[in-house]
Amino acid sequence: MDALLGLRPAVEAIQRRTQAPHALCAASVLAAAGFATSIHHDVEIPVIGVRPLLTAFMTIGQSGERKSSVDILASFPITRAEAALAAQFEVDQEKFSRDKEAFDAARIEARKAAKDGRAAAERALADVGSEPKPPAPPILTAQEGTIEGLINLLTLRPYASIFSAEGGQFLGGHAMSEDAALRTMTTLNALWDGAPIKRLRAGKATFAPGRRASLSLFVQRSVAALLLGNASARDNGLLARMLISEPETTIGTRLWRDREPGFDEFLDEYNSRLGYLLAKVPRRLEGSDGLDPEPLPFNVEAERRLILFHDATERDLADGRRYASIRGFGAKMVEHASRLAGILAAYAGRDMIDAETFEAGAALASWYASEQLRLGETVAPDPELDAAQELLTWWQAQPDPRLYLTALYKSGPNRLRQAADAKRAVAILEDHGWIERLPAGTVLDGSPRREAWGLIQ
């Protein structure tokens, strides 16, 4: 908790109020603070270069850990900023409607100049100017959806976040289906790296630099096991970019507490600081609506501490050493530490990272590394999850996305030829959003079926 520095009072207050695990509360607060600070600041890491203050937290736990309650409190400044944007959106939308109507009328008149020749028409159209752009939607957070939904939001507004108590909908549903999995992982990696959004759809090219996104996802163990056991997620660096933890549950210990007197006062500074950052007009890239955050440099002593941390971490990546089994994450620990330190510094209103702040970021990064080590040993796909993954792969290769149990027994994977095994695998896929139950009596192979399912496309 000491490593949270100025964010510690907010984390402790939220934990006392919700009685959720400390690490869960810390992840939500760090994600919210990271989102607000990343709009205005990057971190300038010595030798490595400028990196965004982007974070991707994934907390593993049981249903009922009160992640939603934590997020409501941690993201309150973001919710309040959305309300202000919504009020302004109505004004901007009315102005846009008037401007668009005037633009359309002016273009109609300009086209009449075509009778005087092409040059006259071009001059007339140029005088009309550029088409008005609609105002960005007043949305800063998305609780569910796909990577495409997040990207669409970021093309309209250059910063967005995801706070979800049902992270499986994002990581375990359509967003991570076989066809979309690589695109989802690659896009998340690119956002974390601060790369521009590049898309070509239906002949229309989109190039959107200066985008910032922050993620705070809560997933159950079964979803985490699928992701941690996913070779693509490991090999392409997604897991190395995520701050993953599984805090000890507090379920069963959360006895009734009356509302703490003056509770709101404990969050006043946090809400005020994040509210200020979210209301402040961000610096923009020249000729673009993209963000141009100001880099936070290291002072001399902080750089010295970074070098020591880098060298110690690098030695621990060797065969047989502490981080050998999580080399992907270990290789990015300096970046994680620097980003977390940057968030703490920007939250405190500092214009550079000092030694104390970097040490705090390094302590947080080291704790998440210890979690990755522990989870690599304890959260691994069990045989039932392996069977469900095999069924999904087989199912996605079938020409008909609909399936009933008898067909599964006859032609599905060999390990699922027994009814109990097949039903369990189907239940896992249904629970995690890969398939949906079809209405009883759906006709498949010429007969009505009592139980049938279809892939969620």
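Every number in this text was worked out from the coordinates using simple rules, so none of it is lab data. Remember, it's a predicted structure, so these values are computed and weren't measured experimentally. Cβ coordinates were reconstructed from backbone atoms using ideal geometry, including for glycine residues, and neighbour counts include every protein chain displayed.
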request  = For the chain, compute Rh as the Kirkwood radius over C-alpha pairs and then the Stokes-Einstein diffusion coefficient at 10 °C and 1.306 mPa s; write the answer in µm²/s, rounded to an integer.
outcome  = 65 µm²/s
Separation of the R259 and L156 label points, Cα + 7 Å toward Cβ, nm = 3.4 nm
message = If packing is taken as the average number of other Cβ atoms within 10 Å across a peptide's residues, how do 217-230, 270-283, 409-422 rank, most packed first?
response = 217-230, 270-283, 409-422
task = Just order 253-264, 384-395, 82-93, 430-441 by mean Cβ neighbour count inside 10 Å, highest at the front, would you?
result = 384-395, 430-441, 82-93, 253-264
inquiry  = Treating only the Cβ of Lys, Arg, Asp and Glu as charged (+1, +1, -1, -1), what charge dipole size does the chain show about its Cα centre? Round to the nearest 20 debye.
reply    = 1020 debye
query = Around S214, which amide H atoms from residues at least 5 apart in sequence, or from another chain, sit under 5 Å from its own amide H, with H modelled in the peptide plane?
reply = A160, S161, I162
ask   = Once the dipole of the stretch 83-128 is set up with Lys and Arg at +1 and Asp and Glu at -1 on Cβ about the Cα centre, which of S97, L125, L85 lies farthest towards its positive end?
value = L125
message = For L296, what residues show an amide H to amide H distance below 5 Å, using hydrogens built from the backbone and excluding near sequence neighbours?
response = D42, V43, E44
request  = Calculate the dipole size of the stretch 315-359 relative to its Cα centre from +1 charges on Lys and Arg beta carbons and -1 charges on Asp and Glu beta carbons; express the result in debye to the nearest 20.
outcome  = 280 debye
Förster radius 51 Å - calculated FRET efficiency between K133 and R315 (Cβ-Cβ, nearest 0.05) = 0.45
inquiry  = Between the stretch 228-252 and the stretch 396-431, what is the separation of their alpha carbon centroids in Å?
reply    = 28 Å
key: Gain upon complete extension [Y409, R118; 0.36 nm per residue less C-alpha separation]   = 97.8 nm
